[in-house]
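Here the structure is laid out as structure tokens; the discussion comes afterwards.
Read-outs throughout are calculated quantities, based only on the coordinates presented, and are distinct from any laboratory measurement. Bear in mind the structure is a predicted one, so any value in this text is a computation, not a measurement. Cβ placement follows ideal geometry from the backbone for every residue including glycine, while neighbour counts extend to all protein chains displayed.
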Amino acid sequence: MNLALQYPVFGPEIVCPHCRQTIPALTLTDTYLCSRHGAFEADPKIKELIHLPSGRRWRRWENQWYRQHTHPDGIRFEIHEALDGLYAEGYRATRVIIANRYRDLVSSYLGRSHPWRETPEFKSPKLYGLPIRFSSKDSTDPCWEIINFILEKEPGVPRQYPYRFLFE
């Protein structure tokens, strides 16, 4: 019997998307079991990991799990956490590029400037004070089917840090 067939699609163990601990697969099932977060089921057809207690879904890109959001607050919170992480590393974000599949989900939450400001800088949508761009609809890069956003960054502390205290 082929040993690879005894484990779910992601192999004999994975890193828990919640706590980042290594968790084992249950042999002869499509399930991984985290002692802290419960069962995760692997869907071999679409290579998705589903947290059974909550229904949350993740997909993996380059050995990192990306939650597949169904509500705008989830992706907004994830962007906020990433911005805090950049700040802690000594970087500032200059732009957020969001996967086009989230355009309808987050569009109502994006801030727009007042109509009397005519420069292109003020016409672009913003989130946490940062300009937003969406990935191309026609992108052939498969990462945009899985990852949620990319932060463009540069060294230094943010000039304005409006997103730091939004969730405290």
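Could you tell me which GluC sites (Glu not before Pro) in region 1-101 are loop residues by DSSP with no more than 13 other beta carbons within 10 angstrom of their beta carbon?
62, 89
What is region 1-77's relative contact order, in percent, from Cα pairs under 8 angstrom and six or more apart in sequence?
Relative contact order comes out at 17 percent.
If you take the square roots of the eigenvalues of the alpha-carbon gyration tensor of region 56-96 and sort them as a ≥ b ≥ c, do you get rounded (a/c under 1.5), prolate (a/b over b/c) or oblate?
oblate
Give me, ordered by chain and number, the residues 5 or more places off residue 92 or on other chains with an amide H under 5 Å from its own placed amide H.
Amide H to amide H, under 5 Å and 5 or more residues apart or across chains, residue 92 pairs with 154, 156.
State, to one decimal in nm, how far the label point of residue 126 lies from the label point of residue 21, with both points 7 Å from Cα in the Cβ direction.
4.2 nm
Once amide H atoms are built 1.01 Å from N in the peptide plane, which residues 5 or more positions from residue 31, or in another chain, come under 5 Å H to H?
Those lying under 5 Å, H to H, from residue 31 are 26, 42.
Between residue 39 and residue 107, what FRET efficiency follows from the Cβ-Cβ distance if R0 is 30 Å, with the result rounded to 0.05?
Calculated transfer efficiency: 0.30.
Residue 56's amide H: which non-local residues (gap 5+, or another chain) put their own amide H closer than 5 Å, with H modeled 1.01 Å from N in plane and none for Pro or chain starts?
Those lying under 5 Å, H to H, from residue 56 are 51.
Tell me the label-point distance for the pair residue 64, residue 140, using the 7 Å Cα-to-Cβ offset, in nm and rounded to one decimal.
2.5 nm
Starting from region 1-70, pick out the trypsin sites (Lys or Arg not before Pro) whose DSSP state is loop and whose Cβ has at most 15 other Cβ atoms within 10 Å.
In loop regions of region 1-70 (DSSP not H, G, I, E or B), the sparsely surrounded trypsin sites (Lys or Arg not before Pro) are 20, 36, 45, 47.
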